[in-house]
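Asks: Got a structure here, written out as structure tokens. Questions coming.
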Amino acid sequence: MAEKQDFIAKSRLINEMSIKNRLIEFFTKWEVILVIIFTLMFVFFTNRTPYFLDWFNLMNATFQFSEKAIMALPMIFIIMCGDIDISIASIIALCAYAVGNAAQGGASIPSLLLISLLVGTLAGLFNGVMITGLNMPAIAVTLATQSIYRGISIGLLGDQARTSFPEGFGVFGQEFIPNTIIPYEFVLYLALMLLFAFILHKTTYGRRLYAIGNSAEAARFSGVNVKLTRIINFTITGFFCGLTAMLLASRILSVRSNIATGWDLEIITLVVLGGVSITGGKGTVFGVFIGSLLVGYLKFGMGLLKFSGTLMTIVIGSLLIIAVLLPRLLDLYKANRKLRLQAQH
Amino acid sequence: MPEHAPSSLLKKALERRELTLMLLLVVLLVPITIRSPQFLSAENINRILNDMAILSIVAIGMFYVILSNGIDLSVGSIIAFTGMACGMINESHPSVSPLVLLLVGMLIGLLMGLLNGVLVAYGKIPPIITTLGTVNIYRGLTFVLSKGTWVTAHEMTPSYIGFPRTTFLGISYLLWIAFVVIAVFYYFSRFTRTGREVYAIGGNPTAAKFVGVNENRVRVVVFLISGTLCGLAGALWTARYASAVNEMATGFEMQAVAACVLGGVNFSGGAGGIIGVVLGTLFLGVVTNALPVVYLSVFWQTLVQGLIILIALALNTLSDQRKSAKLLAQRRG
């Protein structure tokens, strides 16, 4: 027994001393790998086309992914707890419908925002209450509400579109901060990203999410109100669906019932690619931030090189699988190394 | 209470998901038929069954994946790829018989399912992530294969397009194929060792491993089944709708999952049956076809489907909870 403890202490010492080990530990972190991939991608595109590394283009490209990147933030909370929400695109469509309809009725911009946020929040709350109240799996419930929310906007809107919006409505989704090349949307995203990073990593609420994701049972026994926390997550997500719907409607100035179709899976992809474990309890906002930029600029760069959109879906699908497979292989490698090190000493 | 009292038999029957569904189906059919007597005409029934045949084939594949505690989001993309491949083969080699095309579709689907299964079983990637990746990859490959073009009706042979509609004993080939698939997989899940192993893995993977079930093998098998059936569905899809387009069957995975949920398949794995899935598919078909009868525009179809899924889900969960509460009470004596 004493021998074993001695052995453990020794190997721990070796581990701590070795700079090489530390480097390996560092470079096998998913966030670091993402940054490396991101840098390589930048170098590659800069080499291939002169239009890539151009500040105006880089900033302009953020219009294409800011909204999805914003939605990925609250989705981190949901996935962190081991839940999932595949109804967000439908909630966005429902909010956008509400906005488009109210705008046609002559509502002002602040009241449009209020309506959108209210509809989104209620839809998210309904998800959360259904899931935790009856103890049903999140994927099944949000599959149903996906059809329900989308169905309401299809039923009410049919094949029509809402295209009349108040004066100045396009500012949020289309314009830049005066005298700069930075879009409002992107600034909003960066601010929200910092806010979510703060909540997740520096507050009790954030730490609770990790606890729930690792073991909901253990979290409950240590006094975390698991159900309430999960309801709050879904409600927050609904709220941000409302915000995103405003931005989206403002950007494209047209609301149809098929708006944002397919966004659910794209946004979940961003979160998982960013290193958040689908079973919960693992991941960082920084990882998702890099993941979102990676996907956004990958699409932009491939577009510049005239790759078809379909090739992008293949690349992103493969990236997603690699993103989950690679850490597993790295873990295996690390475990093997440790075994070998122990055998040597 | 004696073991075979009629009331207890009735209770037992009502606990069976299949019977409840059948009862619901009848309850649904009565007002519809009163409103529009043609609804139950042989012609209309035949139409509904034919409409639902492809979904029932795909839903059975989905059933096995959900049964093993997974989900297959890639079914729509596999259908698209195989459907496109079959359409293009038919265009370039018109002499190839439709039956061979079905086999080619199944083979391609099998390979795509194999990739899913290997990634899940040996890569240890959760099924939802694996198929979230492959749904994109397979859809992308469909575009690569077709180079963005379509295969239209006049580019395909009449024998291929006519295949699903050709009748034998008054029933279309499409329906015959669906019947065969249902029968084969009913047998598979009730009477074969592998079929029972899927239930075991879904119900309690740890216990299943202790009694010697090879978990990885079962996980690969369920995706093989799903992939192969999607391949079959793809080949039939192109023929039935007489065109192969890149976007075909987008979102079909949700329909298949919906049929399973309606059929009482439990999302936490290990519970459900083929008959339930088939009835769930039928239920969806009747509801969809009944909308015009009750003067509801087709635009409301999505909402109605969503509501039905949510209600079915809640009923499933409540009955499960009641059952486990009863079991617990029994154990306490």
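Any read-out appearing in this document is the output of simple, stated calculations on the displayed coordinates, not a laboratory observation. Quantities reported herein were computed from a predicted structural model and do not represent experimental measurements. Every residue, glycine among them, receives a Cβ derived from its backbone with ideal geometry; neighbour counts consider all protein chains shown.
Asks: Cβ under 13 Å from B:Leu145's Cβ, B:Leu145 left aside: what net charge do those residues give with Lys, Arg +1 and Asp, Glu -1?
Replies: Numbers: positive: B:Arg139, B:Lys147; negative: B:Glu91.
That sum, taken over residues with Cβ under 13 Å, equals +1.
Asks: Here's something else I'd like to know. For an R0 of 22 angstrom, estimate the FRET efficiency from the Cβ-Cβ distance between A:Glu167 and A:Gln104 and round to the nearest 0.05.
Replies: FRET efficiency, A:Glu167 to A:Gln104: 0.95.
Asks: In the stretch B:284-309, whose amide N lies under 18 Å from the spot 7 Å out along Cα-to-Cβ of B:Ile45? List them in ranges.
Replies: Output list for this probe position: B:284-290.
Asks: Please compute, for peptide B:135-144, the average count of beta-carbon atoms on other protein chains lying within 10 Å of each residue's beta-carbon.
Replies: What the average comes to for B:135-144 is 6.
Asks: By count of other Cβ within 10 Å, fewest leading, how are A:Phe126, A:Phe38 ordered? Spell out each step's value before the answer.
Replies: On the way: A:Phe126 19, A:Phe38 16.
Starting with the residue having the fewest Cβ neighbours, the order is A:Phe38, A:Phe126.
Asks: Give me A:His345, A:His201 ranked fewest to most by other Cβ atoms within 10 Å of their Cβ, as a rough exposure proxy.
Replies: Neighbour counts put them in this order, fewest first: A:His345, A:His201.
Asks: Pairs A:Lys227/A:Lys299; A:Lys338/B:Lys209; A:Lys68/A:Lys202; A:Lys306/B:Lys124; A:Lys282/B:Lys147: which are spaced more than 32 Å apart, C-alpha to C-alpha?
Replies: Listed pairs above 32 Å: A:Lys227/A:Lys299; A:Lys306/B:Lys124; A:Lys282/B:Lys147.
Asks: Rounded to the nearest Å, what's the spacing between the alpha carbon centres of the stretch A:121-139 and the stretch A:64-102? Just the number, please.
Replies: 15
Asks: Over all residues in A:314-323, what is the mean tally of Cβ atoms on other chains that come within 10 Å of each residue's Cβ? List each step's numbers first, then the result.
Replies: Values: counts 9, 3, 4, 13, 5, 2, 9, 12, 1, 3.
Mean number of neighbouring Cβ atoms from other chains: 6.
Asks: Give me a single rounded figure for B:305-311: the average over its residues of other chain Cβ atoms within 10 Å of their Cβ.
Replies: 6
Asks: Could you list log10 I(q)/I(0) for chain B at q = 0.08, 0.11 Å⁻¹, which the Debye formula gives when each Cα is one point scatterer?
Replies: The computed values of log10 I(q)/I(0) come out as -0.40, -0.75.
Asks: With each label point set 7 Å from Cα along the Cα-Cβ vector, what nm distance links A:Lys29 and B:Ala314?
Replies: 4.6
Asks: Among all the aspartates and glutamates, which ones have a C-alpha under 17 Å from B:Lys326's C-alpha, if same-chain residues fewer than 8 places away are not counted?
Replies: Qualifying aspartates and glutamates at Cα under 17 Å: B:Glu3, B:Glu15.
Asks: Using the 2.2 N^0.38 Å rule of thumb for compact globular proteins, work out how the protein assembly as shown stacks up: its C-alpha Rg over that value, please.
Replies: Here the answer is 1.01, to two decimals.
Asks: Would you look at the GNM of chain A, springs on alpha carbons closer than 10 Å, and say which of A:Thr313, A:Thr269, A:Thr237 moves the most?
Replies: A:Thr313
Asks: Once the Cβ-Cβ distance between B:Phe191 and B:Thr149 is put in as r, and R0 is 51 Å, what FRET efficiency do you end up with, to the nearest 0.05?
Replies: On the way: r = 46 Å, r/R0 = 0.89.
The formula returns an efficiency of 0.65 here.
Asks: Can you work out the FRET efficiency for the pair A:Asp331 and A:Gln174, with r the C-beta to C-beta distance and R0 = 51 Å, to the nearest 0.05? Can you show the working numbers first?
Replies: Numbers: r = 45 Å, r/R0 = 0.88.
In this case the efficiency is close to 0.70.
Asks: While we're here: May I ask which residue of A:Val224, A:Ala197, A:Thr237 lies farthest towards the positive end of the charge dipole of the stretch A:159-243, with charges of +1 (Lys, Arg) and -1 (Asp, Glu) on Cβ and the Cα centre as origin?
Replies: Result: A:Val224, furthest along the dipole toward the positive end.
Asks: Out of the GluC sites (Glu not before Pro) in the stretch A:175-247, which ones are loop residues according to DSSP with at most 11 other C-beta atoms within 10 Å? If you can, show how the numbers build up before the last one.
Replies: Details: sites: A:Glu175, A:Glu185, A:Glu217; in loops: A:Glu175.
Sites meeting the loop and neighbour criteria: none at all.
Asks: Which of the aspartates and glutamates could a cross-linker span from A:Lys334 if the Cα-Cα distance has to be under 20 Å and same-chain partners fewer than 8 positions apart are dropped?
Replies: Output for A:Lys334: A:Glu16, A:Glu25, A:Glu31.
Asks: Ordered by packing density, taken as the mean number of other Cβ atoms within 10 Å over each peptide's residues, highest first, how do A:63-69, B:283-289, B:61-67, A:305-311 rank?
Replies: The most tightly packed comes first, giving B:61-67, A:63-69, B:283-289, A:305-311.
Asks: Please state the relative contact order of chain A as a whole percent: Cα pairs under 8 Å, 6+ residues apart?
Replies: Relative CO of chain A lands at 30 percent.
Asks: For chain A, which semi-axes, largest first and in whole Å, follow from the square roots of 5 times the eigenvalues of its Cα gyration tensor?
Replies: Square roots of five times the eigenvalues give 39, 27, 16 Å.
Asks: Once you have the alpha carbon radius of gyration of the stretch B:48-132, what is it after dividing by 2.2 N^0.38 Å, with N set to its residue count?
Replies: Cα-based Rg divided by the globular estimate yields 1.22.
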